Amino acid sequence: MENSMVKLAHVVKRFSGERDAAIKDISLDIKEGEFLTILGPSGCGKTTTLRIIAGFEHADSGNVYINNVEVSSIPAFKRNVNTVFQNYALFPHLNVFDNIAFGLSLKKVDKLEIEKEVMEMLKIVKMEGYEARMIDQLSGGQKQRIAIARAIINNPKVLLLDEPLGALDLKLRKQMQLELKHLQKKLGITFIFVTHDQEEAMTMSDRICVMDNGLIEQLGTPEEIYEQPQTKFVADFIGDTNIFEGVVCETHNGLCSIKLKDGQVVNLIAKNSSMEDTVWFAVRPERIFLSQEPIDKGCNLSVHLKERTYIGSVLKTTVTLLNGREIIISEPAANRFAFKGESDKVYINWNLDSTVVMKS
Ligand SMILES: Nc1ncnc2c1ncn2[C@@H]1O[C@H](COP(=O)(O)OP(=O)(O)OP(=O)(O)O)[C@@H](O)[C@H]1O
Ligand SMILES: [Mg+2]
C-alpha cells in the first residue's frame, strides 16, 4: 500500500465575518509521489485548501496530516512543504543565483555546497548560464522555472503549486505542463497543483479532485472524471456534455425506460431506480451519432437539425429535441454523417454504455 503523504480529515474553514464556510468539509488522501490536481471554479476554495496544507491558514476543525504526522500545531516553515505561487513571488533585488540559494542561505548551509546545489537546480529547470541575471531580465516562462528551482532546492516532501502557469501564453503553458509533469516524476516529489483549467488538469494529473463551493464533488483519475462524472456539476465542468432529465416510466431486466421532458422515451442501465424517480444522465457529444432512420436499440431520439460547424478536425452539430432543448454532437470531420434529402428531421443514437447516470 502506498504511503499517505498529505491527508485532510473533515477540514472546515470559515473566515471571520463570512456567512458561508470557505471549506465546508473536506477529506482527501494524497499518496507519496502522486500528482494531484485540485480543479474548480473561482472562489471554490482551492487556494484556501493549499494554504491550510502549507500552514499559512488554520482549519477551524478537522485534521491535517503530512507524512502521517498531525501538523495543526506545526508552523509553516517546519512542514517540509514548499509553495509556488501564481505571481512567482521572486525577490526582484536578488539575481537568479541568490533567489534559488535563498532557502539554503537562511539555513547557513556551506557556500560550496550551496553553489553545487544551485547549479544542479539550474540544470534541472534548464536555466544553466542564467545565474547572474536579475529577475526583471527574465521572460515569464523563465521566471516560472526559477520559482520552481527555488521551491525544490530544499528537497520538500510536498510541492504546492497555485495556478503556476496562469500568466503564460498558451504555447508556453503547454510546454511547461509537460516539463512540470516530467520533473515531478523524476524527482518523485508529491505535487498538489491548483488550476481552473480542466484541460490542464487532464493532461498533468494522476488524480483530479474537482471542487465546488467548498466541497469535493469528485475525486478520481482523469479518465474516471471524464467518463464517469458522478454529479451534474462535474459532467458540466469537465468538457462538453449533454445532460438529460427524465422520469422512470418502466423498469425491466436491469434496464429502465426514461420519459424525457419532450415526451420521448429512452432506455438506460440504471440500477436502484424505481418508477416515478427523476433521473439525470449525461452523454458526451462524441458518443452520439446521427442517422436518417432510428437505429433500434432503445437509445434513439427524433430531433431537428439546427446547425453544423467545422472546428478543425471535428464537425460540431447542434440538434434540438421536440421541446427545443439543444443537443451537441461531435463527429470526426473525415467520417461525418451525410444528410440526404431536404428534411431536417433526423435521429440521434448512442450505445447503452455511453450514458452516465448521475446523483441528483
Ligand atoms: N482572507 C479571507 N477572508 C475572507 N474570505 C476569504 C479570504 N480568503 C478567501 N476567502 C473566501 O473564501 C472563498 C474561497 O477562496 P479561495 O481563494 O480559496 O478560492 P479559489 O478557489 O482559490 O479561487 P480562484 O480560482 O479565484 O483563485 C471565496 O469565497 C473567498 O472570497
Ligand atoms: Mg486561488
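Bear in mind these aren't lab numbers, they're just calculated from the coordinates by the rules spelled out. The structure presented is a predicted model; accordingly, all values stated were derived computationally and were not measured. All Cβ positions, even for glycine, are placed from backbone atoms using ideal geometry, and neighbour counts span all protein chains on display.
Here the calculated FRET efficiency for Asp25 and Ser73, from their Cβ-Cβ distance with R0 = 25 Å, stands at 0.70, rounded to the nearest 0.05. Measuring between their Cα centroids, the range 158-200 and the range 286-333 lie 36 Å from each other.
For Met134 and Ser274, the FRET efficiency from 1/(1 + (r/R0)^6), where r spans their Cβ atoms and R0 equals 56 Å, is about 0.25. Label-to-label distance, Ser302 versus Thr203, with points set 7 angstrom from Cα along the beta-carbon direction: 4.5 nm.
Our summary gives the chain a relative contact order of 15 percent, counting only alpha carbon pairs under 8 angstrom and 6 or more residues apart.
Can you give the calculated 222 nm mean residue ellipticity of the chain, where each DSSP H run of n ≥ 4 adds -39,500 (n - 2.57) and the sum is split over every residue, rounded to the nearest 500 deg cm²/dmol?
Helix contribution divided over all residues of the chain: -7000 deg cm²/dmol.
When peptides 70-76, 194-200, 15-21 are ranked by their average number of other Cβ atoms within 10 Å per residue, the highest-first order is 194-200, 70-76, 15-21.
Using 0.36 nm times the number of residues separating Lys111 and Asn87, minus their current alpha carbon distance, what extension gain do you get?
Working: separation 24, 0.36 × 24 = 8.64 nm, distance 2.87 nm.
Using 0.36 nm per residue and subtracting the Cα-Cα distance, I get 5.8 nm.
Kirkwood hydrodynamic radius of the chain, from the reciprocal of the average inverse Cα-Cα distance over all distinct pairs: 23.4 Å.
Between Leu315 and Glu331, Ala333, the built amide H atoms are under 5 Å apart, and every one of these is 5 or more places off in sequence or on another chain. Of all the C-alpha pairs in the range 242-358, what % are more than 18 Å from each other? Counting every Cα pair in the range 242-358, those more than 18 Å apart make up 50 percent. Other residues within the sphere of radius under 11 Å centred on the Cβ of Lys31, judged by their own Cβ, net out at -3 (K and R +1, D and E -1). Considering only alpha-carbon pairs that sit under 8 angstrom and 6 or more positions apart, the relative contact order computed for the range 232-342 is 21 percent. Value of Rg to Rh for the range 15-64, rounded to two decimals, is 0.96; Kirkwood radius and Rg both from alpha-carbon coordinates. A straight chain from Val265 to Glu293 at 0.36 nm per residue would run longer than the Cα-Cα distance by 8.5 nm.
A simple spin-label model places pseudo-atoms 7 Å from Cα toward Cβ; at Lys186 and His58 they are separated by 4.0 nm. In this structure, the pairs whose alpha-carbon distance is over 30 Å, taken from Lys24/Lys186; Lys31/Lys126; Lys171/Lys306; Lys232/Lys259, are Lys24/Lys186; Lys171/Lys306. How much net charge surrounds Met119 when only the other residues with a Cβ under 10 Å from the Cβ of Met119 are counted, with Lys and Arg +1 and Asp and Glu -1? The answer is -3.
The aspartates and glutamates whose alpha-carbon is closer than 16 Å to the alpha-carbon of Lys185, local same-chain residues fewer than 8 away aside, are Glu2, Glu32, Glu34, Asp206.
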